[in-house]
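Heads up: the structure comes next, in structure tokens.
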Amino acid sequence: MADNTNSANQTEKKQFYKKKHKEQMKHQVVTFAMMIAFTLLAFGLVMAEVDAMFTVPIILILAGVQVLFQLYYFMHMAEEGHQWSATMIYSGIFAATLTILALTTIVWW
Amino acid sequence: MSTTADKKAGFGSVLWDYLTTVDHKKIAVLYLIGGLFFFILGGLQAMLIRIQLIVPDNEFISAQFYNEVLTMHGTTMIFLAAMPLIFALMNAVLPLQIGARDVAFPFINSLGFWLFLFGGIFLNISWFAGGAPDVGWTAYAPLSLFSESHGVDYYAIGLQIAGFGTLMGGINFLVTVINMRAPGMTYMRMPLFTWTSFIASVLILFAFPALTVGLFLLTFDRLFEGNFFDPEMGGNVIIWEHLFWIFGHPEVYILILPAFGVFSEIIPTFSKKRLFGYSSMVFATILIAFLGFMVWAHHMFTVGLGPIANSIFSVATMAIAVPTGIKIFNWLFTMWGGSIRLTSPMVFALGFIPTFTIGGMTGVMLGAAAADFQYHDTYFVVAHFHYVIVGGTILGIFAGIIYWWPKMFGTMLNEKLNHWFFWLFFIGFHLTFFFQHFLGLMGMPRRYWKFLSDQGLDLFNLISTIGAFGMAFGTIVFLINVVMTQMKGEKVSADPWDARTLEWAIPSPPPFYNFKQEPLVRGLDPLWVEKMQGDGKIKPAEPLGDIHMPNRSFVPFMISLGLFIAGFGVMYQGAMWVLAVIGFGITAGSMLHRSLKDDIGYHVHKEELEEEGDGSNG
Amino acid sequence: MKGWISRFKAVMALTVLALILSGCGEPFLSTLQPSGEGAAKLLELIILSFVIMLFVFVVVMLIYIYVVIKFRQKKGQEDFIPKQVEGSHALETLWTVIPIILLLILAVPTIQYTFAFEDMSPEVNEEGEEMDQIWIDVTGKQYWWHFEYEDLDITTSQELYIPTDRRVNLSMISDDVIHSFWVPAIQGKMDVNPTGNRNEMFLQAEEEGVYWGKCAELCGPSHSLMDFKVIAVSPGEFEEWVEDMQGVTGEEEPETDTALAGQESFEENCLSCHAIGSSPNKVGPNLTNFADRDKLAGVFDMTEENLYEWIDTKGEEMKPGNLMVSAPYDLEEEEINNIIEYLMTLSPSEVTPESADNGVYIDSDLSDLFPEEEEGEDEEESDEVEEDEDEEE
Amino acid sequence: MAEDVLKSGNLPENPERATLEGRNKFMGFWFFLGGETVLFASLFGTYLALRNSTVDGPTGQEIFGLGLVFLMTVILLTSSLTSVYAMYHMKNNDFKKMQLWLGITVVLGFAFLGLEIYEFVHYVNDYGFGFTTSAFSTAFYTLVGFHGAHVAFGLVWIISLMIRNAKRGLNLYNAPKFYIASLYWHFIDVVWVFIFTVVYLMGKVG
Ligand code: HEA
Ligand code: HEA
Ligand code: CUA
Ligand SMILES: [Cu+2]
């Protein structure tokens, strides 16, 4: 990496990044809080024995959203340089969906 | 680790060199040797099949042995011959085509090879350990649970090991293509072989995990009393069929796409024309891959999935004819107006087009769900897939081997013998498989140890067997050619075919660092562009500098060996568990060794490179 | 739909002719010589798709041959550099759109037929009334087939008797591994799976005959020997056969002493797996009408030598891996001969495979087989029964 | 340059992607996760197909205890957050804190694994619900067990990284390794989200 020719500039940059990271970290904590909330909600719905027709779709959606949180925030997929990551994850999800769809609908018994 | 030290070495050090190499070009040679070995093995098994079926009611081999041969023929050909040979071509040329010094993961790449090899050996040890798998390459449950010998265990574990290797190879190529392209090599300038290999790797990435899981379930059921496929315990045998075909159908496109790529290189080269409709070729490739994930149930039309599912999968299946057709016509129109040279690779390509078209058309016929009630599991299917696999993949592989042989070995296979090989193989092929269409329609199911007399099936079976011998003779001619060429060892120039792509801009065979200076790519078919617009030499994109190279490593061999040993422990259990402990110990230890030891490679210094002179003799 | 399919008839006739010339197998086995409603329709679909493919192939080959001949490099023109054409939108659109149209032409009848083949609703007679359905439970086993006629209280193995000109519905399952039930000349195949779900299909033979059936899914060493026969006889003969079969109790005594002795050792050694008379599905085939069998164990000629070898060796070499090898008996030559003699008396009916070939046609609407409905009073009831069946599916 | 990558301190933004090797690792690993998605989908699909095939064995409804699962979930989710913290400190070039947070992650991971083992033992001993009890039980143990094995592997991986690099700090050579290990850990969490939803919650709902 570059040597210390303009270390002033460097520290400034450092400072800037630090702040940016801190900002990001705040988001992460909020994300986490929401994930916990979603989890509580999902468990709550089931423990309260709300009607299954209602519960099942809801908890599935909650799970889906949680996963997006993980991917986009915790795993930084929202950031620059993740186009291919996203492509492949979504391709994987595509194949995964077909697989699960098939195994839940057209295997009988 | 000097550059020239390896050259004049004894057998021992050559062996060590190959055992530890991480150079993609050497790995290509390893894949080539391994793949050809298994191709001959699978071919010999095919000959046993055909000899057994030469006359009705034949007792040449026993029913049990027939099933073993049949299973091993399919499994060997698909997993241990076709796949590795494709990987051989990918390793040999893909990095060169995109102007890369190396692949993204040299270590993983070599691990992929050794896993394949040990997996293949593991599978074949079954012959000597009480019988090979005898349930077809599809290993449908519950037959695969009923099978008493350890054959199916060898199948499950052997393919598992080889499958890991394939997955790793796939990821390696994906990242190589994305991250390692030379300056100017944009996606839409990549040669089609690179494109199709890239897309095939995507298919590998998403298809093989389904097989991995399927094999795990099978292993658990057979060895650990699981109940996935045991109806008595609530298991469901259709799960296996789905998982197998969710893998299996994309697998056939993994086999064919790189072959399409090979022909998309050969046809422009020998027509002296750029590929017609390049972007639609790329698009068609992607579309085939995409659709390839939505059609697997066409192998299961008769399972009883119901008319709705059958219809959906039927229509999706037919849809694949469209992008494939785009390719066929693009090839034809590449030749249109060109200046066609009938070199042997081109003759293979010309043999491929009608053959594959027939195979594809019978594929569409199979895709018509109701009609498949008649075709399914008959020789009509056998004919279909040999037309596409042998007429597509195998012709593509051999065309590729012949085409890139000078690049890989610096020598030129004898053209006359190549033509002999082609005609024997090609005519033999059509004799073997054309009449099988009728056998199927005339009521001969596949996987039949014997057919009965007085059922009108005698003549075509006889012709079929005769044809198979033609293919065998053809293959022998090829092997002779290889031996003779390498004994003569006549060197050729960097670009003996007057070709168009980047790999032909560097010496044959290329130096271990591929490109002395990163090439600058100025268009599709970069070498052609330079031939037309420049002095025929690729411009460097950087000044001469140090080249970073990975260290050789013995660890991939050890990791694979560990799994190989552990496989026996898992299978035989009891006192043999100790083998599992040892094996997994070796694997884990090797992995740990790998991750604890820094491996940052080494540098070839500028001065050394200068001494070697101009590497880019275009 | 029928209309435009028939327009292909001319082409069809041509291709059929070509196929026949090239030798299209034996009429009792070949899909190309259909003798039943199912196979005939499937052949139509096959030919339709074949004609489309032929068209495509011809187009491809015309271009191909032209290109290869016309654009070969000529002597002295080695340096000629062709125009580097990038592509052509018009052409590319053309060869995208035309295949799509061709595929649509194929897809529509494909979907129709796919649904038609799984439609198990009753046939309708000329008066528009729904006719009684014959349901047969089919069980595939390593390496033979078992058939139970629902409501008729008869069982057979290896050979399935059906009336011509009527649909017979099959409800299919397997006892061990997956098999696939296929009578090429009459109907497409359907897998039999080893659990819960029963697959359904219908058979309809248009001509009397003995049709060969094959097992089409790899099921073990003797997969290739798991043949069976479908014996299509005229409805009247079928009725007769049913009545004869219903009369068998298994207690009948043969006339000669040796056969009687044979019956005794048969009861002792064989009845644990085999049965005579209507019985639920057992380890071995039901032998009620064994002496009328066209083939022994599905594939061997019905000769005494073969039968002797079968019983003596338990079929070990004849049908590798067959499940009779586990039979515990150990018989003397004489005992075996007695058993054979006994087995050869098992011929309860005049209606045998020969009846399928003898040209005798006896008509019937089969209503005698379903006595309750003869009164004609309880049509509603029969509807209910059908509904029940629908629910079961 | 080669030796440079082993020098610690003064790393650029996104040290995990600063070198070609790092970029390769980063991308390859994401792709691997794409493949893992299909792997787990196949397991989930199998489980869903068999979830009512309990034969004579107990059903999920009878045995699943949501309290324990909730605790496991919170632990694993938290460990995901702590590994985010670790990466946060990595990006700030603070090796010590990174190690600390990774350490916490590992502890949480062990806690999760311990609870899972406890859960399995409990099922086997108190309900007679073993691997071979029914198709459902086989599918359950396989799916959840595969996830558990992933957790265990992740733990070994992270620990060995921590020990190996304890003395020398963060550099361009090991930053990608830490980074992809944390990606892996998050992915395990993703899978768990579906396991607790599909297996336990939906199992309880019936
Ligand atoms: C390289 C391997 C390969 C390839 C490329 C293909 C390509 C295709 N395959 Fe094939 N197939 C196999 C290998 C392959 N297959 C194997 C190994 C099996 C058997 C497995 C087993 O059971 O053991 C099998 C089995 C198989 C079946 C199951 C049969 C059965 O078991 O009952 C079906 C059914 O739909 C099918 C369909 C197709 C189709 C529609 C294509 C299409 O992709 C073909 C598309 C190509 C064309 C159509 C030709 C060119 C197009 C034009 C010139 C345009 C105009 C065309 C039209 C309008 C029609 N294949
Ligand atoms: C890549 C795939 C591939 C390839 C290349 C081939 C190649 C051949 N196959 Fe096929 N085959 C399959 C994949 C393949 N096959 C699969 C998947 C199945 C289904 C299995 C199943 O049902 O489970 C199958 C099934 C199958 C059957 C059906 C068996 C049955 O259903 O009962 C038949 C029958 O004719 C057959 C024949 C052949 C022949 C004659 C060749 C020929 O092309 C082979 C030509 C090659 C040689 C003949 C090599 C000769 C070389 C020598 C002889 C060298 C001499 C030796 C020295 C110099 C030392 N194969
Ligand atoms: Cu039964 Cu094949
Ligand atoms: Cu397919």
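Here are some notes:
- Filtered by the rule that a residue be of a type in the set (S, T, N, Q) and facing chain D (nearest Cβ under 7 Å), segment A:86-103 gives A:Ser91, A:Thr99.
- Looking only at segment B:87-110, residues that are of a type in the set (A, V, I, L, M) and within 13 Å of another protein chain (Cβ to nearest Cβ) come to 4 in all.
- Residues satisfying the criterion are present in segment B:70-86 (criterion: surrounded by fewer than 24 Cβ atoms within 10 Å (Cβ to Cβ), within 16 Å of ligand 1 (Cβ to nearest atom), more than 30 Å from B:Glu503 (Cα to Cα) and of a type in the set (Gly, Ala, Ser)).
- Residue count for segment B:252-263 satisfying the condition of being farther than 11 Å from B:Leu192 by Cβ and more than 8 Å from ligand 1 (Cβ to nearest atom): 1.
- Of everything in segment D:17-55 that is part of a loop (DSSP other than H, G, I, E, B) and more than 7 Å from every other protein chain (Cβ to nearest Cβ), the residue that is modelled with the lowest pLDDT is D:Ala18.
- Residue list for segment B:441-498, filter: among the β-branched types (Val, Ile, Thr) and either in contact (Cβ under 8 Å) with a residue 24 or more places away in the chain or within 13 Å of chain C (Cβ to nearest Cβ) (or both): B:Ile463, B:Thr465, B:Ile466, B:Thr475, B:Val477, B:Ile480, B:Val482, B:Thr485, B:Val492
- Within segment B:111-148, the set of residues being of a type in the set (S, T, N, Q), surrounded by fewer than 24 Cβ atoms within 10 Å (Cβ to Cβ) and within 11 Å of another protein chain (Cβ to nearest Cβ) comprises B:Thr138, B:Ser147.
Residues are listed down the side, and each one gets a yes or a no for (1) surrounded by fewer than 17 Cβ atoms within 10 Å (Cβ to Cβ); (2) β-branched (Val, Ile, Thr); (3) in contact with a strand residue (DSSP E or B) (Cβ under 9 Å, 6 or more places away or on another chain):
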position: C:Tyr113; (1), (2), (3): no, no, no
position: C:Glu118; (1), (2), (3): no, no, yes
position: C:Glu123; (1), (2), (3): yes, no, yes
position: C:Glu148; (1), (2), (3): no, no, yes
position: C:Thr155; (1), (2), (3): no, yes, yes
position: C:Leu160; (1), (2), (3): no, no, yes
position: C:Val168; (1), (2), (3): no, yes, yes
position: C:Gln187; (1), (2), (3): no, no, yes
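- Identification of helices (runs of 4 or more DSSP H) wholly contained in segment C:246-349 with 2 or more residues that are under 28 Å from the mean Cα position of the chain (by Cα) yields C:304-313.
- Answer from D:Asn10, D:Asn14, D:Asn93, D:Asn52 - the residue that is under 30 Å from B:Asp230 (Cα atoms) and over 16 Å from the mean Cα position of the chain (by Cα): D:Asn52
- With respect to being part of a helix (DSSP H, G or I) and within 16 Å of ligand 4 (Cβ to nearest atom), B:Ile288 fits the description.
- Options C:Glu159, C:Glu237, C:Glu150, C:Glu200; residue that is of a type in the set (Asp, Glu) and farther than 24 Å from C:Ser349 by Cβ: C:Glu200
- A count restricted to segment D:162-206 and to residues that are within 7 Å of another protein chain (Cβ to nearest Cβ) and either without any contact (Cβ under 8 Å) to a residue 40 or more places away in the chain or part of a helix (DSSP H, G or I) (or both) stands at 12.
- When segment C:181-197 is filtered for residues that are touching a residue at least 40 places away in the same chain (Cβ under 8 Å) and either part of a strand (DSSP E or B) or farther than 25 Å from C:Ala356 by Cα (or both), the ones remaining, listed by number, are C:Phe181, C:Val183, C:Gln187, C:Gly188, C:Val192.
- Checked against the criterion of being free of Cβ contacts under 8 Å to residues at least 60 places away in the same chain, more than 16 Å from ligand 4 (Cβ to nearest atom) and closer than 22 Å to B:Gly396 by Cβ, segment B:82-100 contains one or more residues that satisfy it.
- Filtering B:Ile204, B:Ile239 for residues that are within 25 Å of B:Leu167 (Cα to Cα) and more than 8 Å from chain D (Cβ to nearest Cβ) leaves a single hit, B:Ile204.
- Taking the criterion of being of a type in the set (S, T, N, Q) and either within 14 Å of C:Phe238 (Cβ to Cβ) or buried (at least 16 other Cβ atoms within 10 Å of the Cβ) (or both), the residues of segment C:333-357 that qualify are C:Asn337, C:Asn338, C:Thr345, C:Ser349, C:Thr352, C:Ser355.
- Positions within segment B:327-377 being in contact with a Lys or Arg (Cβ under 6 Å, 6 or more places away or on another chain) and either more than 7 Å from chain C (Cβ to nearest Cβ) or more than 12 Å from ligand 1 (Cβ to nearest atom) (or both), in sequence order: B:Thr334, B:Gly338, B:Ser339, B:Ile340
- The set of residues from segment B:301-326 being at the interface with chain C (Cβ under 9 Å from one of its Cβ atoms), assigned to a helix (DSSP H, G or I) and more than 25 Å from the chain's Cα centre (by Cα) comprises B:Phe301, B:Thr302, B:Val303, B:Pro307, B:Ile308, B:Asn310, B:Ser311, B:Ser314, B:Val315.
Listed here are the residues, each with its yes/no results for (1) out of contact with any helix residue (DSSP H, G or I) (no Cβ under 7 Å at 6 or more places or on another chain); (2) not in a helix (DSSP H, G or I).
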{"site": "B:Pro95", "(1), (2)": "no, no"}
{"site": "B:Ala100", "(1), (2)": "no, yes"}
{"site": "B:Ala104", "(1), (2)": "no, yes"}
{"site": "B:Tyr154", "(1), (2)": "no, no"}
{"site": "B:Phe164", "(1), (2)": "no, no"}
{"site": "B:Gly170", "(1), (2)": "no, no"}
{"site": "B:Gly184", "(1), (2)": "yes, yes"}
{"site": "B:Met188", "(1), (2)": "no, no"}
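- Candidate set from segment B:449-474 (those that are under 27 Å from the mean Cα position of the chain (by Cα) and hydroxyl-bearing (Ser, Thr, Tyr)); member that is nearest to ligand 1 (Cβ to nearest atom): B:Ser464
- Residue check, B:Asp525 away from ligand 2 (no atom under 16 Å from the Cβ), touching a residue at least 40 places away in the same chain (Cβ under 8 Å), within 21 Å of B:Asp102 (Cα to Cα) and within 11 Å of chain C (Cβ to nearest Cβ): yes
The values are calculated or read from the model by the stated rules, or taken from the named source; none is laboratory data. Small disclaimer: the values here were computed from a predicted structure and weren't measured. Every residue, glycine as well, gets a Cβ built from its backbone with ideal geometry; the counts of neighbours run over all protein chains shown.
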